[in-house]
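Undergrad: Structure below; questions to follow.
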Amino acid sequence: MMLKPVQPKGQQDVPPPPLTVVKGHRVKTAAGGDRTFRWLTFLCSLLVPLVMLAIGLDLIRSSWPAIKQFGFGFFFSSEWNPVLQEFGAASSIVGTLVSTLIAMVIAVPLSLAIALFLVELASPRISRTVGTLIELLAAVPSIIFGMWGLFIFAPFMAHYVQPLLGKTLGFLPLFQGPPMGIGMLTAGIILAFMVLPFISAITRDVFQLVPPVVKESAFGMGATTWEVTYKVTIPYGLVGIIGAGFMGLGRALGETMAVTFVIGNAHRISASLFAPGNTIASTLANEFSEATEPLYVSSLVALGLVLYLITYLVQVVAQMMLRRMYRAWSVGL
């Protein structure tokens, strides 16, 4: 004989609630809202490429007189003489690339070291404090960096750093010449200070995303902190580190005011990092307001077109590299 379980009082079988039938006009309203939302988001996402395309077309149109006048030799000539109406972009292109290279060579290792210290070695209180200071450094306007570089850092470079480099490494063409303080090296170091907070903040966040169980497993196998760092933490976040570096590279390529203050603004190509130079952005900032002749204005716009193309190509290459590395990393897992 089987006994039926006795349900407690108040918990007898309760019939399920009746199904609610949504009326037809409500279904149509919901479908119309989804359709409107889809088109609205599509138009918003389409705005960015349209703006980029419009900027590129306008730069091409405005720079065409200079390109037609000088041909492709405009991009390889270092001549820049507004009086004789002779213009070339080589010195500005070389200055942009050299100053950016100096900035990245300094900023990337420093950012990596700062991020590793904050995540792996520092106490939580020190990590929060230093991390906040780094984020505040990113909020400092570029003109403040330029003024500080001109009035404080450039004299320091002229009195201490450049003479020391000249004595120790003067046999290299890179460190020859009078120590004037301003120049390509000073501009590159100022750029490094400016992009460092961006790279270090992103790299710190990437390292914090490494699963603790992975690092604890390595420690459990007897690995030291250094071994865990370069065998676990850095390989796990390599894609994010490279992405942070390219973000800093994009910022350094287009920086204007800080570089204009300390680079010297000379239209010439020199092998010495102590010599003054210029970048595309500093040339535009210095001379656009003084340009009166149509060919002069067109040449400056052509410089802007070059900077636009360089920045765009850097971002395209960065996205291709990151996608390929992420795909290889996913397959490796």
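Undergrad: So which residues in segment 224-233 are closer than 15 Å to L121 by Cα, surrounded by fewer than 18 Cβ atoms within 10 Å (Cβ to Cβ) and touching a helix residue (DSSP H, G or I) at 6+ places or on another chain (Cβ under 8 Å), if there are any at all?
TA: Correct list: T225, E227.
Undergrad: Related question: Go through segment 32-70 and report how many residues are without any contact (Cβ under 8 Å) to a residue 24 or more places away in the chain, open to solvent by 70 Å² or more (accessible area, probe 1.4 Å) and more than 25 Å from the chain's Cα centre (by Cα).
TA: Number satisfying all stated conditions: 11.
Undergrad: Is it the case that segment 262-280 has a residue that's open to solvent by less than 20 Å² (accessible area, probe 1.4 Å), out of contact with any Lys or Arg (no Cβ under 9 Å at 6 or more places or on another chain), part of a helix (DSSP H, G or I) and without any contact (Cβ under 8 Å) to a residue 40 or more places away in the chain?
TA: No, that holds for no residue.
Undergrad: If you go through segment 71-93, how many residues are outside any loop (DSSP other than H, G, I, E, B), open to solvent by 20 Å² or more (accessible area, probe 1.4 Å) and in contact with a strand residue (DSSP E or B) (Cβ under 7 Å, 6 or more places away or on another chain)?
TA: Count: 1.
Undergrad: Just checking, does segment 103-118 include any residue being more than 30 Å from I241 (Cα to Cα), in a helix (DSSP H, G or I) and out of contact with any Pro (no Cβ under 9 Å at 6 or more places or on another chain)?
TA: no
Undergrad: Could you say which residue among A244, A218, A258, A252 is surrounded by fewer than 20 Cβ atoms within 10 Å (Cβ to Cβ), of a type in the set (A, V, I, L, M, F, W, C) and in contact with a helix residue (DSSP H, G or I) (Cβ under 9 Å, 6 or more places away or on another chain)?
TA: The conditions single out A218.
Undergrad: Starting from residues that are in a loop (DSSP other than H, G, I, E, B) and farther than 28 Å from S92 by Cα, keep the ones in segment 182-214 and report whichever is least open to solvent (accessible area, probe 1.4 Å).
TA: Within segment 182-214, the match that is least open to solvent (accessible area, probe 1.4 Å) is V210.
Undergrad: May I ask you to say which residue of T224, T233, T229, T283 is within 27 Å of I67 (Cα to Cα) and not aromatic (F, W, Y)?
TA: The conditions single out T283.
Undergrad: Here's another thing I want to ask about it. May I ask you to verify whether T260 is modelled with pLDDT of 90 or more, closer than 22 Å to E86 by Cβ and not aromatic (F, W, Y)?
TA: no
Undergrad: Going through segment 104-124 one residue at a time, which ones are crowded, with 16+ Cβ neighbours inside 10 Å and farther than 30 Å from P276 by Cβ?
TA: Those that are crowded, with 16+ Cβ neighbours inside 10 Å and farther than 30 Å from P276 by Cβ: L112, I114, A115, L116, L118, V119, E120, A122.
Residues are listed down the side, and each one gets a yes or a no for (1) within 14 Å of L273 (Cβ to Cβ); (2) small (G, A, S); (3) surrounded by 13 or more Cβ atoms within 10 Å (Cβ to Cβ); (4) at pLDDT 90 or above:
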| position | (1), (2), (3), (4) |
| --- | --- |
| V130 | no, no, yes, no |
| L133 | no, no, no, no |
| A138 | no, yes, yes, no |
| I144 | no, no, no, yes |
| F151 | no, no, no, yes |
| A154 | yes, yes, yes, yes |
| A158 | yes, yes, yes, yes |
| G177 | yes, yes, yes, no |
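Undergrad: How many residues are within 26 Å of S282 (Cα to Cα) and in a helix (DSSP H, G or I) if we restrict to segment 166-176?
TA: Looking only at that region, the number is 3.
Undergrad: Follow-up question, since we're still on this one. Just to check your reading of the model, which residue among P179, P155, P163 is in a helix (DSSP H, G or I) and touching a residue at least 24 places away in the same chain (Cβ under 8 Å)?
TA: P155
Undergrad: Further, regarding this structure: Yes or no: segment 282-295 includes at least one residue that is open to solvent by 90 Å² or more (accessible area, probe 1.4 Å) and either in contact with an Asp or Glu (Cβ under 8 Å, 6 or more places away or on another chain) or not in a loop (DSSP other than H, G, I, E, B) (or both).
TA: Yes, because at least one residue in segment 282-295 is open to solvent by 90 Å² or more (accessible area, probe 1.4 Å) and either in contact with an Asp or Glu (Cβ under 8 Å, 6 or more places away or on another chain) or not in a loop (DSSP other than H, G, I, E, B) (or both).
Undergrad: Let me ask another. Just need a number here: residues in segment 94-103 that are open to solvent by less than 10 Å² (accessible area, probe 1.4 Å) and under 14 Å from R268 (Cβ atoms).
TA: Counting residues in segment 94-103 that are open to solvent by less than 10 Å² (accessible area, probe 1.4 Å) and under 14 Å from R268 (Cβ atoms) gives 1.
The values are calculated or read from the model by the stated rules, or taken from the named source; none is laboratory data. Given the structure is predicted, the values throughout are model-derived calculations rather than measurements. Counting neighbours? That spans all protein chains shown, and the Cβs are built from the backbone with ideal geometry, glycine included. We work out accessible area using only protein heavy atoms, side chains counted, and drop any ligands, DNA or RNA first. Shrake-Rupley method; radii C 1.70, N 1.55, O 1.52, S 1.80 Å.
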